[in-house]
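The values are calculated or read from the model by the stated rules, or taken from the named source; none is laboratory data. What you are looking at is a predicted structure, and each value in this text was computed from that prediction instead of being measured. FYI the Cβ positions are ideal-geometry reconstructions off the backbone, even for glycines, and counts take in every protein chain you see.
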Amino acid sequence: MIIVTNRGPARFTRAPDGSFSAQRGAGGIVGVLGPNLSAEKDERIQWVATAMTDDDCAAVAAGKAELPGVDLELLVLEPRVHRLHYDVISNATLWFLHHGLFDLPRRPRFDHRFRDAWDAYVTVNRAFVERIADSASPGDVALVHDYQLSLVPGLLTKTRPDLRIVHFTHTPFCGPNSIRVLPDDVAHDIARSMVQVPCGFHTSRWASAFEASMTAVLGHDHRPTRVFVSPFAADAGDVLETRDSTATRDAIVELENHLGDRKLILRSDRIDPSKNIVRGFLAFDLLLREHPEWRERVVFVAMLNPSRESLPEYQAYRQEVEQAAAMVNERWGRADWTPVELDLRDDFPRAVAGYARYDVLLVNSLKDGLNLVAKEGPIVNQRHGVVCLSPEAGAFDELREAVLAVHPYDVDQNARALHDALSMPSDVRRERATRLRELASARTPAMWLGDLVDAAGPRR
Ligand code: F6P
């Protein structure tokens, strides 16, 4: 089996003595799937991905980009080509497209710079195909992931027709009106590639949008090969093990000492406009205005990982996030109470400590393929915490009966939902949290992987 992702399952760090160490890669799929695959014994697992950092490239050059249980192949790309593929097309164009983030009167603008970037995108997709074609055994299953690699299915089908290829999208997929924003030939190339293999999504909403978009671009004569829905799963064993680790136990004690008997509203996200972090702070501001009884009795901890900072949109959004938090603190803060605490450390054990301690978990994404935090949090939580979840997150379809819905644009409604969550009677909280834990752990990463392999079909 070959797993193909843009970001690999580990990032490498070079120590001053020249040795390399591997850390778990950031992000849902690689974070969960990486440890699960290394546990597989029966089959040879290859993983093809991009060398994302200078240290990754150095590890490849030194022959040290290695992981136990996985044959890892990191592609070292020419820096300019890498930047255009990752920043300009994958993030500033396709991520924005699928999450509905374009400010359409102003962006996007498709000009010669976009065309250079599109050429780089094609080059990177070809480089992936060459590497897979060189290393795959006859009849192998190739599981290709996400919008960074949307041309791989079509190119790989031509180069290696013996392979059983599946494409899985972890983001939402845009609908037919949005896909028309792309230049016609670009939309056409993406669609022609993807319809050639089975394509998977986290919810039927994104699957239906994909089918409608394919029809809008290609007409009714080019139906996708097969479209399937398989929601990704949290690795309950792994998050519970992390909760019981020394690092997390220490972080829980630190958090408890800091919070005392105050309630905790938590969010844990990459700093990304799709996560809707600013409106979350505005809702908290409104809660403190409308319900003075919560002043000094609740702390909003936002564990935020800076992300994609080479893009001006992300730099600007980070500033807005910091300003919104500062505004709430200036308005309501007291000498011994900071209402909003930003924690920008990228520290998984600490995030899991937050999961264990929250009273309310806020996930108010504008759009989100799944949102693994909404599943991991309830599995780990020890206080019958309430999850306020956006219906625009894919996980909502599985968790809806035990969460409070938060409309991502309705700040008033969000403030009311936060109040309802904080004031919920303890017996109701217990009942809902128990049900939520069942729903969040109903599926396993192995079930998800099995669905993808089934979609690949039998060996031909
Ligand atoms: O949230 C998960 C995810 O959608 C991945 O599937 C996707 O490849 C990733 O985010 C992109 O994040 P980054 O640009 O940090 O690699």
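For the reader, a short list of remarks on this structure follows.
- For region 46-80, a residue qualifies if it is under 24 Å from the mean Cα position of the chain (by Cα), of a type in the set (A, V, I, L, M) and either surrounded by fewer than 17 Cβ atoms within 10 Å (Cβ to Cβ) or within 16 Å of residue 129 (Cα to Cα) (or both), and the qualifying residues are 48, 49, 51, 72, 74, 75, 76, 77.
- In region 124-136, the qualifying residues are those that are away from the ligand (no atom under 14 Å from the Cβ) and surrounded by 16 or more Cβ atoms within 10 Å (Cβ to Cβ), and the one that is nearest to residue 93 (Cα to Cα) is 125.
- Number of positions in region 77-125 that are in a helix (DSSP H, G or I) and acidic (Asp, Glu): 3
- None of 318, 416, 350 is charged (D, E, K, R) and either in contact with a Pro (Cβ under 9 Å, 6 or more places away or on another chain) or not in a helix (DSSP H, G or I) (or both) except 318.
- Residues being part of a helix (DSSP H, G or I) and either surrounded by 15 or more Cβ atoms within 10 Å (Cβ to Cβ) or among the β-branched types (Val, Ile, Thr) (or both) - total across region 400-412: 2
- Residue in region 202-219 that is more than 16 Å from residue 179 (Cβ to Cβ), surrounded by fewer than 20 Cβ atoms within 10 Å (Cβ to Cβ) and free of Cβ contacts under 8 Å to residues at least 24 places away in the same chain present: no
- If you go through region 72-121 and keep only what is touching a Pro at 6+ places or on another chain (Cβ under 7 Å) and either farther than 14 Å from residue 311 by Cβ or outside the structural domain of residue 173 (by TED's automatic domain parsing) (or both), you end up with 98, 110.
Let's see how each residue does on (1) within 16 Å of the ligand (Cβ to nearest atom); (2) of a type outside the set (Val, Ile, Thr); (3) outside the structural domain of residue 242 (by TED's automatic domain parsing):
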| residue | (1), (2), (3) |
| --- | --- |
| 375 | yes, yes, no |
| 384 | no, yes, no |
| 432 | no, yes, no |
| 450 | no, yes, yes |
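- Identity of the residue in region 1-17, more than 16 Å from the ligand (Cβ to nearest atom) and in contact (Cβ under 8 Å) with a residue 12 or more places away in the chain, that ends up farthest from residue 149 (Cα to Cα): 14
- Any hit, region 224-231, residues being modelled with pLDDT under 95 and in contact with a helix residue (DSSP H, G or I) (Cβ under 7 Å, 6 or more places away or on another chain): yes
- Only one of the numbered conditions (1) within 16 Å of the ligand (Cβ to nearest atom); (2) within 28 Å of residue 243 (Cα to Cα) is not met by residue 314, and that is (2).
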